[in-house]
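Below is one structure; the comments refer to it alone.
The values are calculated or read from the model by the stated rules, or taken from the named source; none is laboratory data. Values in this document were obtained by computation on a predicted structure and should not be read as measured data. Cβ sites come from the backbone with ideal geometry, for glycine too, and all protein chains shown count toward neighbours.
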């Protein structure tokens, strides 16, 4: 007696094909899920940028240093360090920018109406622009503008921030060389 070969039935072929299609669908679903996670992460990326305004113009009501989140996600600030002439400002009740104004001698000048942020929020929303240091455009004169330009040339800032996905970023406002 010879061994008979088992015949493959139509239902066996359909079952195998269904299993193959299920495995392919599972792989595609996993790949699509990974792509969606990457897209979500990128769509929530904060982008902090600094801007220096030296002459009055719209839409900025003050002259000086601004920090803006031009990204699509919230920037969660971890550290904010201010430097004057390359040296970090010491901690004080004024905050880093107030201490920078003091080190530059601007707080002692009654003719220079300097303004600065003393305490930054920990979260900067997308599209939000924060005034950090300078004065109101109504107080602008050429002499004050020159003094502000000199002060801003001596200030640099380093900010470390993260996204809601805990991706860490860093940005600097460098002193002009």
The number of residues in segment 135-174 that are within 16 Å of residue 52 (Cβ to Cβ) and touching a helix residue (DSSP H, G or I) at 6+ places or on another chain (Cβ under 6 Å) is 1
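Only one of 81, 45, 72 is touching a strand residue (DSSP E or B) at 6+ places or on another chain (Cβ under 7 Å) and surrounded by fewer than 19 Cβ atoms within 10 Å (Cβ to Cβ); which? Quick ask: steps written out before the conclusion?
Values: 45 fails: touching a strand residue (DSSP E or B) at 6+ places or on another chain (Cβ under 7 Å); 72 fails: touching a strand residue (DSSP E or B) at 6+ places or on another chain (Cβ under 7 Å).
Result: 81 is the single residue among 81, 45, 72 that is touching a strand residue (DSSP E or B) at 6+ places or on another chain (Cβ under 7 Å) and surrounded by fewer than 19 Cβ atoms within 10 Å (Cβ to Cβ).
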When segment 92-106 is checked residue by residue, the ones that are modelled with pLDDT of 85 or more and surrounded by fewer than 17 Cβ atoms within 10 Å (Cβ to Cβ) are 105
Exactly one of 120, 130 is outside the structural domain of residue 39 (by TED's automatic domain parsing), touching a residue at least 40 places away in the same chain (Cβ under 8 Å), in contact with a strand residue (DSSP E or B) (Cβ under 9 Å, 6 or more places away or on another chain) and farther than 30 Å from residue 38 by Cβ, and that one is 120
*asked:* Condition first: modelled with pLDDT under 85 and assigned by TED's automatic domain parsing to the domain that holds residue 163. Can you find one or more residues in segment 72-91 that meet it?
replied: yes
| said: assigned by TED's automatic domain parsing to the domain that holds residue 65 and closer than 17 Å to residue 54 by Cβ: is that true of residue 106 in this structure? | reply: yes
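Quickly run through segment 130-145 and pick out the residues that are at negative phi and under 26 Å from the mean Cα position of the chain (by Cα).
130, 131, 132, 133, 135, 136, listed by residue number.
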